[in-house]
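Participant: There's a structure below that I have some questions on.
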Amino acid sequence: MADTATNIEARAAAGDEPSALVAVTLHKRYLLGSQTVHALRGVSLTVRRGEFVAVMGASGSGKSTLLHLLGLLEAPDEGRVEIGGRDTSGLDDDALTELRRRSLGFLFQTFELIPNLSARENALLPADMTGDGEAGRARLTHLAEVLGIADRLDHRPDQLSGGQRQRVALARALINDPIVVLADEPTGNLDSRTGREVLALLSGGVRDLGWTVVMVTHDASAAMEADRIVFLRDGEVAGTLDTHETDVQAVMERALGG
């Protein structure tokens with residue numbers, strides 16, 4: 001069953017398992033010429049700590065807009081986003097920037113690494129920006145081992161394979177020990193084998209290290225690595241599936257609107 005504002009608030013009031021991220025009845029509209037496009041129509045979502053959630057939907061379903069709102073890159077027209085129990089409504093730009101830097105990690109399809117910096121320098125950027133460089137360096141030692149890039153930290157991005165670049169980007173996303181990592185088509189620029197390796201890192205980190213990940217993807221096989229899949233259609237939640245209680249065929253049928 002899709003999350004509703006009532007269900008989310010009832011769970012919070014009951015003191016149930018802590019949530020990393022909560023979105024309540026999000027609406028977002030854009031003006032396109034003389035037309036108003038309703039990109040999100042009351043989307044609600046709860047992501048528990050240590051959970052891997054995939055968001056799927058066709059082009060125009062609202063999944064990218066949802067990721068922007070969850071990442072505090074845009075504000076909803078209606079509704080609210082909570083990060084680690086903190087309501088972000090009404091926060092000014094400085095407070096949002098600080099919360100985004102310390103509590104959210106971002107993983108992009110195109111890696112977004114700075115070409116003239118080493119892998120080490122790229123991974124440490126968020127820690128340096130928050131003044132936590134020393135803690136970041138200590139954390140990078142562990143992350144580099146987990147992600148298999150310990151011997152590549154002194155290389156620039158153009159000296160790395162696509163999979164290695166995405167691993168560096170993942171280290172950067174995790175360097176400040178965020179509450180949640182938001183991943184936008186993280187395997188979109190990778191071949192299938194390398195993509196599976198990156199997904200295995202994400203799911204293994206969630207399972208073994210307690211990471212929390214929300215991933216937007218159009219790939220049903222990638223989504224099956226998550227614990228739960230949320231389907232968007234025309235700016236609304238069309239349904240959810242627990243991947244531990246269903247099969248690939250059911251996921252494909254739901255993804256295709258069957």
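Participant: Within the stretch 189-203, work out how many residues are surrounded by fewer than 15 Cβ atoms within 10 Å (Cβ to Cβ) and not in a helix (DSSP H, G or I).
Facilitator: 1
Participant: Select from the stretch 216-249 the residues that are assigned to a helix (DSSP H, G or I) and surrounded by 15 or more Cβ atoms within 10 Å (Cβ to Cβ) and list them in ascending order. Even if it seems obvious, please write down each step before you answer.
Facilitator: Of the stretch 216-249, the ones assigned to a helix (DSSP H, G or I) are 220-223, 248-249.
Residues satisfying the conditions are Ala220, Ser221, Ala222, Ala223.
Participant: Of the residues Leu174, Leu190, which is of a type outside the set (S, T, N, Q), touching a helix residue (DSSP H, G or I) at 6+ places or on another chain (Cβ under 7 Å) and within 27 Å of Leu99 (Cα to Cα)?
Facilitator: Leu174
Participant: Moving on to the next point. Say we look at the stretch 61-81 and pick out the residues that are surrounded by fewer than 19 Cβ atoms within 10 Å (Cβ to Cβ) and in a strand (DSSP E or B); which of these is nearest to the chain's Cα centre (by Cα)?
Facilitator: Among those that are surrounded by fewer than 19 Cβ atoms within 10 Å (Cβ to Cβ) and in a strand (DSSP E or B), it is Arg80.
Participant: While we're on this one: If a residue has to be free of Cβ contacts under 8 Å to residues at least 60 places away in the same chain, closer than 16 Å to Ala173 by Cα and part of a helix (DSSP H, G or I) to count, how many in the stretch 82-138 make the cut?
Facilitator: Counting residues in the stretch 82-138 that are free of Cβ contacts under 8 Å to residues at least 60 places away in the same chain, closer than 16 Å to Ala173 by Cα and part of a helix (DSSP H, G or I) gives 20.
Participant: May I pose another question? I'd like to verify a number: residues in the stretch 166-209 that are under 21 Å from Ala150 (Cα atoms) and either touching a His at 6+ places or on another chain (Cβ under 7 Å) or small (Gly, Ala, Ser) (or both), how many?
Facilitator: So the answer is 8.
Participant: Next question, about the same structure. Which condition number in (1) touching a Pro at 6+ places or on another chain (Cβ under 7 Å); (2) at pLDDT below 95 is the one that Met215 fails?
Facilitator: Failing condition for Met215: (2).
Participant: Same structure, new question: Among residues belonging to the stretch 204-215 that are surrounded by 13 or more Cβ atoms within 10 Å (Cβ to Cβ) and not β-branched (Val, Ile, Thr), point out the one that is farthest from Val180 (Cα to Cα). Working first, answer last.
Facilitator: Going through the stretch 204-215, the residues surrounded by 13 or more Cβ atoms within 10 Å (Cβ to Cβ) turn out to be 204-206, 211-215.
Now narrow it down to the ones that are not β-branched (Val, Ile, Thr): 204-205, 211, 215.
On the way: Gly204: 15, Gly205: 12, Trp211: 7, Met215: 10 Å.
Checking each candidate, the answer is Gly204.
Participant: Which one is surrounded by the most Cβ atoms within 10 Å (Cβ to Cβ) among residues in the stretch 21-60 that are assigned to a strand (DSSP E or B) and among the charged types (D, E, K, R)?
Facilitator: Applying the filter and picking the extreme gives Lys28.
Participant: While we're looking at this one, here's another question. Show the residue pairs meeting these rules: Cβ distance below 7 Å; 6+ apart or different chains; first residue within the stretch 48-64 and under 9 Å from Phe231 (Cβ atoms); second residue among the acidic types (Asp, Glu) and part of a loop (DSSP other than H, G, I, E, B).
Facilitator: Ser61/Asp234
Participant: What are the residues in the stretch 141-156 that are crowded, with 19+ Cβ neighbours inside 10 Å and not basic (Lys, Arg), if any?
Facilitator: Residues of the stretch 141-156 that are crowded, with 19+ Cβ neighbours inside 10 Å, as a first pass: 143-144, 147, 149, 152.
Result: Leu143, Ala144, Leu147, Ile149.
Participant: I would also like to ask the following. Please specify each residue of the stretch 55-94 satisfying the condition of being under 19 Å from Val213 (Cα atoms) and of a type in the set (Asp, Glu).
Facilitator: Listed by number, the list holds a single entry, Glu82.
The values are calculated or read from the model by the stated rules, or taken from the named source; none is laboratory data. These numbers were taken from a predicted model, which means no experiment stands behind them. Cβ: placed from backbone, ideal geometry, glycine included. Neighbour counts: every protein chain shown.
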